[in-house]
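Accompanying notes for the structure given below.
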Amino acid sequence: MKRPISVNTSKNFRLMEVTSPKDLSDVNLAERVIFKLPMALRKESDFLKHLDLLNKARLDEISSAEDKLRFIKTRGLVNILFLLENGGAEPIWKLNEYGKPYIEGWEKDFSISHTRDISLVAVASEAIGIDIEDNSRNIDLEKFKRTKFLNFDDGAYNNKEEFLMRFTALEAYLKYIGKGFYKDARTISVKKIDDGIVIDDGKVIKAESIKSGGYTISIVIK
């Protein structure tokens with residue numbers, strides 16, 4: 001059984017667990033906030049009713065019931081947060097050329113990540129990327145090392161936990177720059193320096209890496 005996730009980083013993120021829009025009564029988006037959404041919601045319809053037409057159309061293309069729920073709760077939450085800041089304005093979702101979603105005219109960036117059990121949504125006034133992985137997932141470290149698909153230091157392949165620190169940092173960075181794996185991961189150096197994960201893509205940026213509750217979480221922000 002997974003333990004609760006706690007987040008305490010030097011970037012001062014606030015973690016909020018959300019199972020209903022009522023949980024957002026004291027949210028302050030002037031802060032950097034990570035929203036944790038478990039699979040069990042109080043009422044799925046509370047999030048579904050906030051989906052815009054574009055996301056409702058995309059929902060119809062999803063076949064898995066679990067993937068539908070993840071989509072409903074994360075997109076519904078983002079729209080609720082937008083409405084909290086923008087009154088009755090209609091959120092207009094767009095995709096950049098690499099498929100990263102954003103809301104037109106909203107001065108907030110958001111990033112979404114899922115595991116089997118939970119979803120995370122990170123929201124900030126700066127560019128942000130987040131990724132979460134379940135530490136219990138099966139990973140063939142030797143296969144990753146042989147394929148040379150990734151540009152990690154050798155310590156990444158010592159064990160699964162070390163690998164996931166770097167892999168989630170890479171995923172978070174690709175979301176942060178808005179390109180996903182359209183960007184060749186081999187051109188991005190990800191290494192551990194002094195217990196921190198450092199990403200070098202021509203410019204150097206540090207990822208916030210958190211190991212908690214059986215999960216590895218990485219956040220990249222300006």
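Just so it is clear, none of the values below were taken in a lab; they were calculated from the coordinates. Quantities reported herein were computed from a predicted structural model and do not represent experimental measurements. Note: ideal-geometry Cβ built from the backbone for every residue, glycine included; neighbour counts use all protein chains shown.
Determine the sum of side-chain charges near A127: Lys and Arg each +1, Asp and Glu each -1, restricted to other residues whose C-beta is under 11 angstrom from that of A127.
That sum, taken over residues with Cβ under 11 Å, equals +2.
If Rh is defined by the Kirkwood formula over all Cα pairs and Rg also comes from Cα, what ratio Rg/Rh do you get for the chain?
Result for the chain is an Rg/Rh of 0.96.
Mind checking the dipole of the chain: about its Cα centre, +1 per Lys or Arg Cβ, -1 per Asp or Glu Cβ, Debye to the nearest 20?
On the way: 37 positive and 35 negative charges, 62 e Å.
For this selection, approximately 300 debye.
Sum up the charges of everything whose Cβ sits under 12 Å from the Cβ of E107, counting Lys and Arg as +1 and Asp and Glu as -1, but leave E107 out.
Residues near E107 contribute -3 overall.
Measure nothing but the geometry: give the 0 to 90° angle between the long axis through the Cα atoms of 65-86 and the longest principal axis through the Cα atoms of the chain, rounded to 10°.
70
With the Cα gyration tensor of segment 128-217 giving a ≥ b ≥ c as the square roots of its eigenvalues, does the rule (a/c under 1.5 for rounded; else a/b larger than b/c for prolate; else oblate) give rounded, prolate or oblate?
Note, shape of segment 128-217 comes out rounded.
If one takes the longest principal axis of the Cα atoms in the chain, at what angle in degrees, from 0 to 90 and to the nearest 10, does the Cα axis of helix 160-176 lie?
50
Mind ordering 150-163, 69-82, 125-138 by average Cβ neighbours within 10 Å, highest first?
69-82, 125-138, 150-163
Going by the alpha-carbon gyration tensor, a ≥ b ≥ c the square roots of its eigenvalues, is segment 130-176 rounded (a/c under 1.5) or, if a/c is not under 1.5, prolate (a/b greater than b/c) versus oblate?
oblate
Quick check on segment 56-99: take the gyration tensor over C-alpha atoms, sort the square-rooted eigenvalues as a ≥ b ≥ c, and tell me if it's rounded (a/c under 1.5), prolate or oblate.
Oblate is the answer for segment 56-99, as a/c is 1.5 or above yet b/c matches or exceeds a/b.
Here is the link list: K73/K94; K73/K183; K73/K100; K100/K160; K179/K222; K100/K145. Which ones come out longer than 20 Å on Cα distance?
K73/K183; K100/K160; K100/K145
What residues have an amide H closer than 5 Å to that of E17, excluding those fewer than 5 places away on the same chain, when H is modeled at 1.01 Å from N in the peptide plane?
Distant-sequence amide H within range of E17: K36.
Work from the charge dipole of the chain (Cβ charges, +1 for Lys and Arg, -1 for Asp and Glu, about the Cα centre) and give the residue of N151, G180, L141 farthest towards its positive end.
L141
If you take every DSSP beta bridge whose two residues both sit in the chain, what share of them, in percent to the nearest 5, is antiparallel?
Roughly 85 percent of the DSSP beta bridges within the chain come out antiparallel.
Most fluctuating residue of S20, S64, S119 in a GNM of the chain with Cα springs under 10 Å: which is it?
Maximum among the listed residues: S64.
Okay, helix-only estimate at 222 nm for the chain: each DSSP H run of n ≥ 4 adds -39500 (n - 2.57), divide by all residues, round to 500 deg cm²/dmol; what do you get? The partial results should precede the final answer.
On the way: 5 runs with 57 residues, N = 222.
When only DSSP H runs of four or more count, the value is -8000 deg cm²/dmol.
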